[in-house]
Structures are given as structure tokens and as C-alpha cells.
Amino acid sequence: ARPVKLSVQIHPYADNYKLLLSQDITALSQAEAMRRDFVANVSHEIRTPLTVLAGFVETMQSLPLSDAERTHYLALMAAQSERMQTLVNDLLMLSRLEGSPLPDGHELVDLAALMAECEAEARGLSELLHPEGEAQRLQFDPPPAFALAGSRGELRSAASNLINNAVRYTPAGGSIRVFWEELLPGQVRLAVTDTGPGIAPEHISRIGERFYRVDRSRSRESGGTGLGLAIAKHVAQRHGGELSVVSEVGKGSTFALVFPASRVRAASDGSGLAAP
Ligand code: ADP
């Protein structure tokens, strides 16, 4: 009964409030269904590593183990708890992004330093996923001659989510290129192109939804939470921009964070674009 009452208060003078009522109820039940889905997804994501952890604890308690076996099990348990930590961190970040506007008084974000951090992280991840040797070609173009006004922490997280996804989803032998460019009219973007599996058109519109995965097993295998692109999308939107995806199955993908010119500043060393 509550949704009906709420709708009447929102549209007290509507001519055809019956129609509006049914639309509002649909919107409310959709929101409610999304909330339920989200809670179910979170519970599932947490339950899986917890079950695995509990299994290892039981094994360790019930079997006599050698030192080597104990070390082995402890490493597996550490991986599971790390997975839960990453998930909870992503959830907290997403809830912060969804719940509050970007604070005023933006930082001047030095993109050279930020990209250097992302590059080091991506190379480390690539080595971890392909211990057999240099398996992927990672190309980071020179940093742009401008800075961005915004939240450094958020931009760092959005950029590394796109870059690390390219590393995670591109198989050995593939290549990844990361570059900033100025678009016309008056926009800049960070583009991440890869020669990975690509994404079919029917999945593209759902990219950026929380927990939406095209390839579930590959996501889990490489430590994905299913929240990285949702975070990137929110960060871009909070900075007045958007997350864009162009992809072709079998060829690869380009994920980009697009920002409006109003965010662009001269780099702190004085080079680059003048502040608008
Ligand atoms: P996950 O933790 O599962 O990677 P994301 O939100 O980062 O979650 O990405 C959502 C889904 O989008 C992934 O599960 C994957 O199926 C797909 N995806 C993301 N980046 C790429 C990419 N570079 N190439 C192919 N598929 C991708």
C-alpha cells in the first residue's frame, strides 16, 4: 500500500493520476527488484570465498598435515580472504560514490604521476598472470600535457580498473595501449585499447552495471569483483564525463573515460593547456 500513497503525494494534481500511479509503482517495484538483486549478488559473492575458507579450516583441523601442506593451505586461505577484502573495499567505494556528490575544492591531479602508478601496477599484474615471461605488450604513451581537476583517488581507481581489466582479459600474445587524447569539441579522454576477446553488442548496454559480467569464470579466475566498471562509470559521471566502450568480438575493446574541457587544467609544471 505504501507506494500508492507516496505516488498520490507526488502527483496530487495530475489529470490522469491513474496512469502516473501505475508508472510510479512500476518504477518503485523495479527499484525494489534491483535492490533485492544487489543484496543477493553481494551475499553470493561473499558466501563463495567464505565457503572455501571454511573448507580449508576444516581440513586443517581434521587432518595431520606436514609443514609444507600447512603452508600451502594457508596461502590458499590468504587468497580467499584477500578476495573478500577486495570485494568489501569495492562495495564501500561504490556506496560512497553513489551516496555523495563529488566534494567541492577539487585537487589538481597530476596525470604523469598517476599514469606512472597505473603502469607499474599493470606491469606487475601482467607478470603475475603470465609468470612464464613477457606475454603481453603493454604500451603507455607519454602522459598528456594537461592536468585534471577532480578527485585523485577516484581517478586513480577508475583508470586502473580499465587498465587492469585490459591486462586481465587479454590473452598471452595480445597487446594493450593506454593513452590520453584531446577530442573535439572540448573533451579529453583516457583510452585503453586491447586485443582481447571483445564484447558482443547485446552485452555492451549492460556494461557498467554492478556485478554484470560477460565471462563469469574468467572474471573470478583473475580476481574480479564485478564492480570495477560500475566504479569507473560513477567516477567519470561525477567528473561530468562518461565511460565509453567500443568493442568487437574477436578483435578487442576500447574502454575510455571521457572528461569535459571544464575539468582540464594546465599541468602543475606550467606546460600544457591553459585553464579554461
Ligand atoms: P570484473 O571484476 O568481472 O572484471 P568489471 O566491472 O571490471 O568486473 O567488468 C565487468 C565485465 O566486463 C567483466 O566481467 C568482463 O566480462 C567484461 N570486461 C571488462 N573489461 C573487459 C575487456 N577489456 N575485454 C573484455 N571484456 C571485458
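The values are calculated or read from the model by the stated rules, or taken from the named source; none is laboratory data. Since we're looking at a predicted model, the values are computed, not measured. When we count neighbours, we look across all protein chains shown, and the Cβ atoms used for this are built from the backbone with ideal geometry, even at glycine.
Run residue 94 past the list (1) surrounded by 14 or more Cβ atoms within 10 Å (Cβ to Cβ); (2) more than 21 Å from residue 231 (Cβ to Cβ) and report the number of the one that doesn't hold.
(2)
Does any residue in the stretch 207-226 that is farther than 20 Å from residue 131 by Cβ and in contact (Cβ under 8 Å) with a residue 60 or more places away in the chain come within less than 6 Å, Cβ to Cβ, of a residue that is among the charged types (D, E, K, R) and more than 7 Å from the ligand (Cβ to nearest atom) six or more places away or on a different chain, and which pairs are these?
Going by the 6 Å Cβ cut-off, the qualifying pairs are 225/90.
Sort through 74, 108 and tell me the only one that's aliphatic (A, V, I, L, M), in contact (Cβ under 8 Å) with a residue 12 or more places away in the chain and surrounded by fewer than 20 Cβ atoms within 10 Å (Cβ to Cβ).
None of the others qualify; the one that does is 108.
For a quick check of your reading of the model, give me the residue pairs whose first member lies in the stretch 175-202 and is under 23 Å from residue 147 (Cβ atoms), whose second is aromatic (Phe, Trp, Tyr) and within 13 Å of the ligand (Cβ to nearest atom), with beta-carbon atoms closer than 6 Å and at least 6 apart or on different chains.
192/255
Can you find a residue that is small (Gly, Ala, Ser), away from the ligand (no atom under 15 Å from the Cβ), surrounded by fewer than 19 Cβ atoms within 10 Å (Cβ to Cβ) and more than 18 Å from the chain's Cα centre (by Cα) anywhere in the stretch 194-206?
So far as the stretch 194-206 goes, no, none of its residues is small (Gly, Ala, Ser), away from the ligand (no atom under 15 Å from the Cβ), surrounded by fewer than 19 Cβ atoms within 10 Å (Cβ to Cβ) and more than 18 Å from the chain's Cα centre (by Cα).
Filter the stretch 235-264 for residues that are touching a residue at least 12 places away in the same chain (Cβ under 8 Å) and either within 8 Å of the ligand (Cβ to nearest atom) or within 14 Å of residue 206 (Cα to Cα) (or both); which is surrounded by the fewest Cβ atoms within 10 Å (Cβ to Cβ)?
244
Identify, by number, the condition in (1) loosely packed, with under 15 Cβ neighbours inside 10 Å; (2) within 14 Å of the chain's Cα centre (by Cα); (3) within 12 Å of the ligand (Cβ to nearest atom) that residue 228 doesn't meet.
That leaves (1) as the condition not met.
Given the conditions (1) at pLDDT 95 or above; (2) touching a Leu at 6+ places or on another chain (Cβ under 6 Å), which single one is not true for residue 225?
Just one mismatch for residue 225, condition (1).
Do the conditions hold for residue 186, that is, is it of a type outside the set (Lys, Arg), touching a helix residue (DSSP H, G or I) at 6+ places or on another chain (Cβ under 7 Å) and loosely packed, with under 15 Cβ neighbours inside 10 Å?
yes
Restricting attention to the stretch 84-96, does a residue exist that is part of a helix (DSSP H, G or I) and over 21 Å from the mean Cα position of the chain (by Cα)?
no
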